[in-house]
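Here's the structure, in structure tokens; my notes come after.
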Amino acid sequence: MPQHIYELPFVERHQKTIPQLRGDTSTPAVNIQSETCEFALLRTTKRIQYFVGVQEGDATASEISLTFLPESLEEIDFLNALKEWKGADIAFAYRDQAAWVVPQSVVETSAGWEIVLAKSGEQGRHHENRFGELTGDQLAELRAKRILLNQKLGVASPWLFEYRVRNGISQQYKNGLVVHESPIPQLYLSFQETPEQFIKFACLVSVLFLKLTHTVEEILQLKLELQESAESSGHSNGENHRHPRYQKMQKGPALKVHFKGRRHQYFPIRDATILEFEGICPLINEHKPENDSEPLWR
């Protein structure tokens, strides 16, 4: 299997062309037209996730309009269900943007499915408090490494520490994602036969979790490289040091990750924290996901 590399230095490459899904209401609509089909990710409250091809899109601060090109009957059934959507908000990701959205209109045309999504007024929790000696930024970095590298805390870690890292506090709000483990290995099981597609979908899933858990507000760089074989440790003790007791070496296909993101600027007198790291995410998970975190892919 050849190496596959996918790099999205979003700020440098897309800053002038990609509409933000947040901002003031005066933001004009910006047109995006893809020469080659891209994908958007829509994740329902039942954790069923659809990667649907996108031909064209417009976005303002409050609304997103997209022309979808579904490729399967399941995707078409899902888009039909959006016509009378009565469920909770849908988690949405496209390129380097993510938001909670509510379907406003769904129309099938000769050019594709024209979908209008309204950005939900409930976008979850923004501020992250300290936990013991760890700052909110340090907790966010641990969460980012769980999302991208599948790093876990040691078994002796306090339950409340694990609860905070996995973003459990978001369950108190209308919208929230809880990160029991990285969604990337489970995704690989479904798309390992199409590595280029897997890399694109892994990027979308990463964007969705990183932004909708408020781990980072802006993704500056995300580079994913599929490797045939790599060694990695399965656990960390939550302080960026691997304890030998919990260290476990794994061999097999893996994803090399380089990530850089900017946190929310909570205080005007202090610049926003930049999170940056690289590492290896093993793609063969020996442990079955927890029942409440196992994703279903479409």
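The values are calculated or read from the model by the stated rules, or taken from the named source; none is laboratory data. In this text the structure is predicted, and so the values were computed from the model without any measurement. Because the Cβ atoms are built from the backbone with ideal geometry, glycine has one as well, and the counts that use them run over all protein chains shown.
Some observations on this one:
- Filter result (at pLDDT below 75 and touching a Phe, Trp or Tyr at 6+ places or on another chain (Cβ under 9 Å)) within the range 156-172: Ala156, Ile169
- Conditions (1) farther than 20 Å from Leu42 by Cβ; (2) modelled with pLDDT under 95; number of the one not met by Asn175: (1)
- Among residues of the range 145-161, those that are within 18 Å of His214 (Cβ to Cβ), out of contact with any strand residue (DSSP E or B) (no Cβ under 7 Å at 6 or more places or on another chain) and aliphatic (A, V, I, L, M), counted: 1
- Looking only at residues in the range 92-104 that are small (Gly, Ala, Ser) and either modelled with pLDDT under 95 or not in a strand (DSSP E or B) (or both), the one that is surrounded by the most Cβ atoms within 10 Å (Cβ to Cβ) is Ala98.
- Hits in the range 80-113 - residues which are within 16 Å of Gly53 (Cβ to Cβ) and within 20 Å of the chain's Cα centre (by Cα): Phe92, Ala93, Tyr94, Arg95
- First in the range 85-113 and at positive phi, second anywhere and hydrophobic (A, V, I, L, M, F, W, C) and assigned to a strand (DSSP E or B), Cβ under 6 Å, 6 or more apart: Gly112/Phe68; Gly112/Leu69
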